[in-house]
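The values are calculated or read from the model by the stated rules, or taken from the named source; none is laboratory data. Predicted, not measured: the structure shown is a model, and the values here were computed from it. Positions of Cβ are generated from backbone atoms using ideal geometry, with glycine treated the same way; all protein chains shown enter the neighbour counts. For accessibility, only protein heavy atoms count, side chains too; no ligands or nucleic acids. Shrake-Rupley method; radii C 1.70, N 1.55, O 1.52, S 1.80 Å.
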Amino acid sequence: MILGPEKTAPMRVLVTGGTGLVGRAIQHVVREERGIREGEEWIFLSSTDANLMDAGETREVFQKHQPTHVIHLAAMVGGLFKNMRANLDFWRNNIYINDNVLQAAHEVDAVRVVSCLSTCIFPDKTTYPIDETMIHNGPPHKSNFGYSYAKRMLDVYNRAYHDQERGRFYTAVIPTNVFGPHDNFNIKDGHVLPGLIHKAYIAQKEGSPLVVWGSGTPRRQFIYSLDLARLFLWVLTEYQEVEPIILSVGEEEEVSIKEAAEAVVEVMRFKGQVTYDTTKADGQFKKTASNAKLRQYCPSFTFTPFKQALKETCDWFVANYDSARK
Ligand code: NAP
Ligand code: GFB
């Protein structure tokens, strides 16, 4: 849902992590769909503009741009296997980034900061569907506890800044697994869909089998990065709660990893053998999230059909193979 010009006052929006999967999607939607409006400025940061793990560099880039609004995406991010290898780094690096960014935003009197949690940070032992009230109700899955606890602290930061100063409506969105153009297609560190797309591309060329990791039985909800970007822009100016909001397709859209792999095979027109390496971890079995709160606010929002989004992603990857992150 894109707002009309009358709905937004002049804004200077600083997007941390503006060069990643989600950041690029927001760039596309702002420039190609919504348009940059009178009195607005959008700045998309990469880590070369400032290492946000460094307090001095963070303060400097915020002082330089004096943002009124911040979309905070920057983070150490990765799939299940990268998380399993580096829980300590995921905890420390993301705590540094989050503490620096929120304090720097507070010091320049930014009126809005929208940060990013993830549906994988909820308690591992939980009832379903998961909703926004459950974030702190128990330990996360052991595979990504470092990332999960660091992300949960963003919710604590938001409440603390609002407590400190009533005008600080710092909040967070909770996306489910995101995929799309400009994803990280690195097979070792990336998420499942870009990993399978990259592996199918190689298997096709080499005439080798496509190896899906794990049993294929875990279940996931996937949101297309461009849909997430459209919802982010609504949250930035319309969502007035400090409490976070889940941004996900409905529970009924949840698929198994096997079904996701079969969709990649179909879209990539892979004709070879598909095998499952059950020596590899499955991670969380499921993290089924409710989007009832989103539906209440945006009842008419339409998600891109999964297969169409997957085709756009695969087409982008094949067309940009040389320059894609892999
Ligand atoms: P991504 O593609 O890995 O992009 C990460 C971004 O953060 C990049 O722009 C990167 O800059 C920047 N960054 C990383 N470390 C930095 C540092 N020390 N200083 C400054 N910038 C730094 O990640 P993404 O998938 O777009 O994720 C964006 C947000 O969505 C994250 O907060 C993530 O936790 C959240 N999220 C992602 C998913 C998912 O499935 N992808 C699901 C739920 C939530 P460079 O480009 O210069 O490296
Ligand atoms: O996207 P993913 O790596 O992370 O998905 P999570 C992992 C699931 O896909 C596991 C299976 O069940 C894997 O066994 N899988 C099958 C594969 N083939 C592959 C493959 O080629 N690559 C990968 N990566 N998985 C993450 C969290 O959990 O969700 C992160 O660890 C983050 O913190 C992310 O929040 C959104 O969905 O399991």
Do we have any residue at all in segment 92-100 that's within 13 Å of ligand 1 (Cβ to nearest atom) and in a loop (DSSP other than H, G, I, E, B)?
no
In segment 77-91, residues that are assigned to a loop (DSSP other than H, G, I, E, B) and surrounded by fewer than 20 Cβ atoms within 10 Å (Cβ to Cβ) total 1
Residues located in segment 304-326, provided they are open to solvent by less than 80 Å² (accessible area, probe 1.4 Å), small (Gly, Ala, Ser) and outside any helix (DSSP H, G or I)
Ala324
Name the residues in segment 57-78 that are under 15 Å from Val22 (Cβ atoms) and more than 8 Å from ligand 1 (Cβ to nearest atom), would you?
Val70, Ile71
Quick check: is even one residue across segment 139-158 free of Cβ contacts under 8 Å to residues at least 12 places away in the same chain and assigned to a helix (DSSP H, G or I)?
yes
Segment 27-56, residues that are open to solvent by 20 Å² or more (accessible area, probe 1.4 Å) and either among the hydroxyl-bearing types (Ser, Thr, Tyr) or near ligand 1 (Cβ under 9 Å from one of its atoms) (or both):
Phe44, Ser46, Ser47, Thr48, Asp49, Asn51, Met53, Asp54
Give all pairs with beta carbons closer than 8 Å in which a residue from segment 78-106 that is over 19 Å from Val15 (Cβ atoms) meets a residue that is of a type in the set (Val, Ile, Thr) and at pLDDT 95 or above; count only pairs at least 6 apart in sequence or on separate chains.
Gly79/Val192; Leu80/Val192
Mind checking which pairs have a first residue in segment 261-288 that is within 28 Å of Gly250 (Cα to Cα) and a second that is open to solvent by 70 Å² or more (accessible area, probe 1.4 Å) and in a loop (DSSP other than H, G, I, E, B), Cβ under 9 Å, 6 or more apart or different chains?
Val265/Lys271; Asp282/Thr217; Phe285/Thr217; Lys286/Tyr128; Lys287/Tyr128; Thr288/Tyr128
Scan segment 102-109 and tell me whether some residue there is more than 26 Å from Leu231 (Cα to Cα), open to solvent by 20 Å² or more (accessible area, probe 1.4 Å) and in a helix (DSSP H, G or I).
yes
Those residues of segment 13-31 which are within 16 Å of ligand 2 (Cβ to nearest atom) and either within 20 Å of Arg112 (Cβ to Cβ) or not in a helix (DSSP H, G or I) (or both), in sequence order
Gly17, Gly20, Val22, Gly23, Ala25
Ala203 passes all but one of the listed conditions (1) under 23 Å from Ile26 (Cβ atoms); (2) within 13 Å of ligand 2 (Cβ to nearest atom); the exception is number (1)
Quick one: would you say Thr133 is open to solvent by 10 Å² or more (accessible area, probe 1.4 Å), assigned to a loop (DSSP other than H, G, I, E, B) and away from ligand 1 (no atom under 16 Å from the Cβ)?
no
For residues that are open to solvent by 10 Å² or more (accessible area, probe 1.4 Å) and among the β-branched types (Val, Ile, Thr), scanning just segment 110-130, find the one that is farthest from Gly250 (Cα to Cα).
Val111
Answer residue from segment 1-26, given it is open to solvent by 30 Å² or more (accessible area, probe 1.4 Å) and farther than 19 Å from Asn177 by Cα and is modelled with the highest pLDDT among those
Arg12
Name every residue in segment 159-188 that is more than 8 Å from ligand 2 (Cβ to nearest atom), open to solvent by 20 Å² or more (accessible area, probe 1.4 Å) and in a loop (DSSP other than H, G, I, E, B), in order of residue number.
Glu165, Arg166, Gly167, Pro181, His182, Asn186, Lys188
